[in-house]
Amino acid sequence: MAGLISTRLSLRWVPDEATEPTDTLVFNVGSYFMDLRILKADQSIDWGMAGTRDILDQAPLKCRWNKIIDSLGEAGSSDEGTFTKLPNGDDLETGSMPCPHKNDAVTEFEEVWKTLEPSKEFGKAWIVQSLDGMTFLGRIGDAFLGMRQSEDGFGARREALEDGAWKDVYVVGKVPSVKEFSDSVDASKWTIGQEVELGGVAFVVRAVEDI
């Protein structure tokens, strides 16, 4: 998951067999991340989170993700993983964390990630955060993620730009849609820390970089 945008190919709780029960999309832009994992079986949220990312080491790459919002109720906590490049170009992430189907016992895991090639037509990748801190929106090329944590629960949406129009991929709960503001957004002049308005709501630019 070292790339700007990536998807997970498999998860293995050692020593079990590898599986992939989710459709996962992850954004890593600057020092911020968004990670949405949707269960294939019923299109519910398996795990959604967003926050900051620290690079702890480069050889091999080791990252820490500090969760500001978390659908599992673990906001404020952190996870770490170490990445190794596989012969086919994918990334193997290893580490340990509580395993849901093992009574949350801390268990070694292996995840295989594939870096996706974003559309460069739109120039900038970005992540913004609402002023109350509880909503994150992000766009990289033709992909959009939105997540919000509130008293009503955790909402998330994923959208994709197809044939010039934004299409819903997954929508769970109430989260702003990129369709509400995509035509009026020009991120080319955004700077980190700048306050911007999207769909009539104020957000702070947390990360922006060239694709």
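Every number in this text was worked out from the coordinates using simple rules, so none of it is lab data. Predicted, not measured: the structure shown is a model, and the values here were computed from it. All Cβ positions, glycine included, derive from the backbone under ideal geometry; neighbour counts span all protein chains shown.
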**Prompt:** How many times 2.2 N^0.38 Å is the alpha carbon radius of gyration of region 1-119?
**Reply:** 1.01
**Alpha carbon convex hull of the chain, volume per residue in cubic angstrom** = 132
**In Å, descending, principal axis extents of the Cα set of region 37-90** = 36, 29, 10
**Prompt:** So what does log10 I(q)/I(0) come out to for region 120-210 at q = 0.10, 0.16, 0.17, 0.21 Å⁻¹, using the Debye formula with one equal point on every Cα and no solvent?
**Reply:** -0.23, -0.61, -0.69, -1.05
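Just how large is the dipole of the chain about the Cα centre, in debye to the nearest 20, putting +1 at every Lys and Arg Cβ and -1 at every Asp and Glu Cβ? Don't skip to the end; give the middle numbers.
Values: 22 positive and 37 negative charges, 50 e Å.
Using only the charged Cβ atoms, the result is roughly 240 debye.
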**Calculated over region 72-163: convex hull of Cα atoms, volume per residue (Å³)** = 169
